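Please read the structure below before turning to the comments.
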Amino acid sequence: MTLSKLHPPRALRRARLALASLTLASAALLAPARAVAQGAASDPTLAQALFEEGRRLMETKDYAQACPKLAESQRLRPGTGTLLNLALCNEALGKTATAWGQFKEALFFSKKEGNAAREAFAQEHISALEPRLSKIRINAENTPGLAIRNDGQEIPAAALGTPIPVDPGSHQIEATAQGYSVWSTTVQVGENADLKTIAVPKLVPMPVEAAKPAGPQPSGGGSAGGGGLRTAGFVVGGVGVAALGAGAVLGILAAGQASDAEDDPALCPNKQCTPRGREEIDAAETKALLSTIGVGVGVAAIGAGVVLVLTSGPSRAESASAAGARRSAPGGVRAQVVPVIGPGGGGVGVLGTF
């Protein structure tokens with residue numbers, strides 16, 4: 001019986017490489033989404049330039065020009081220091097609710113970062129602003145599919161009946177629902193602890209003919225927009241997941257078979273393989289090769305599927321149901337979040353004991 005010298009098994013090396021590739025591929029699957037979300041928004045050089053210009057304008061008390069620059073700097077590169085300066089700027093402009101919400105947010109991050117000085121600074125301004133906050137309270141009759149907006153920003157159904165901090169000034173309240181006439185009103189909110197209550201009546205149904213969308217209607221067979229691309233993306237991605245899983249299984253089997261053969265004194269005594277041991281090693285190498293191919297195909301297919309999904313637009317059904325889903329979907333929160341609305345935009349405030 002001829003014994004062959006056992007070199008470090010290629011099957012074992014290939015299997016380990018396949019498993020390492022699988023681990024890296026799994027981590028990389030989230031990268032495309034992060035790149036889409038962060039790539040275009042992050043520009044530290046421009047953010048720093050805007051911050052410095054905003055600070056310079058604040059020193060000259062030109063708050064109307066300073067605030068947009070600080071806001072854009074914060075969007076490009078979020079930071080607690082920039083957020084505190086933006087809150088100070090809005091406070092100086094008289095946007096008390098916007099400033100209060102930003103100080104609340106800065107307080108939360110200052111605590112998280114362990115910055116006691118910023119925490120005390122934010123809390124001092126919050127305490128000074130809270131007694132001055134003006135608010136609106138919106139009560140509404142029940143209309144199916146009702147959506148209420150303040151200056152174009154949707155008010156969650158859970159916030160109805162709750163006094164919501166708003167900046168002083170004029171606010172446009174609008175109520176809409178599919179198949180109903182639009183209702184709107186304008187309310188003027190005072191500067192110091194004013195409270196305005198708006199009663200939204202039950203909306204009036206539109207005439208049947210007026211409620212029908214204009215133009216030719218699509219047939220009920222398929223989805224529009226990017227629905228086809230999205231479906232193809234999920235199909236391709238599903239194939240990739242299957243291939244990735246098969247490659248992982250083969251890699252595990254190859255690693256086990258090669259390792260068992262190497263350690264079996266009947267097959268490879270003293271690292272010298274018998275013909276039977278050599279057959280086991282060769283079989284493990286074949287599995288390892290197939291594992292490597294499966295992992296490669298799986299990663300490529302999943303990547304293609306992700307690209308197809310990210311580049312597809314929403315289907316008509318998704319677009320129609322998105323607003324309703326946002327209103328009705330329950331969510332667990334760790335702190336009470338209150339919308340903060342102003343004529344130039346909105347945000348949220350974090351309420352609770354910190």
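The values are calculated or read from the model by the stated rules, or taken from the named source; none is laboratory data. Just so you know, these numbers come straight off a predicted model, no measurement behind them. Note: ideal-geometry Cβ built from the backbone for every residue, glycine included; neighbour counts use all protein chains shown. What goes into the accessible areas is simple: the full protein's heavy atoms, side chains included, and nothing from ligands, DNA or RNA. Shrake-Rupley method; radii C 1.70, N 1.55, O 1.52, S 1.80 Å.
Per-structure values
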item	result
Segment 114-127 residues that are closer than 13 Å to Gln102 by Cβ and among the basic types (Lys, Arg), paired with ones that are in a helix (DSSP H, G or I) and open to solvent by 60 Å² or more (accessible area, probe 1.4 Å) (beta carbon under 9 Å, 6 or more apart)	Arg118/Phe109
Residues of segment 140-176 satisfying the condition of being open to solvent by 10 Å² or more (accessible area, probe 1.4 Å) and small (Gly, Ala, Ser)	Ala140, Gly145, Gly152, Ala157, Ala158, Ala159, Gly161, Gly169, Ser170
Selection status of Leu129, closer than 22 Å to Val189 by Cα and open to solvent by less than 60 Å² (accessible area, probe 1.4 Å)	yes
Spans of helices (runs of 4 or more DSSP H) in segment 17-97 with at least 1 residues modelled with pLDDT of 50 or more, crowded, with 19+ Cβ neighbours inside 10 Å and hydroxyl-bearing (Ser, Thr, Tyr)	63-76, 80-93
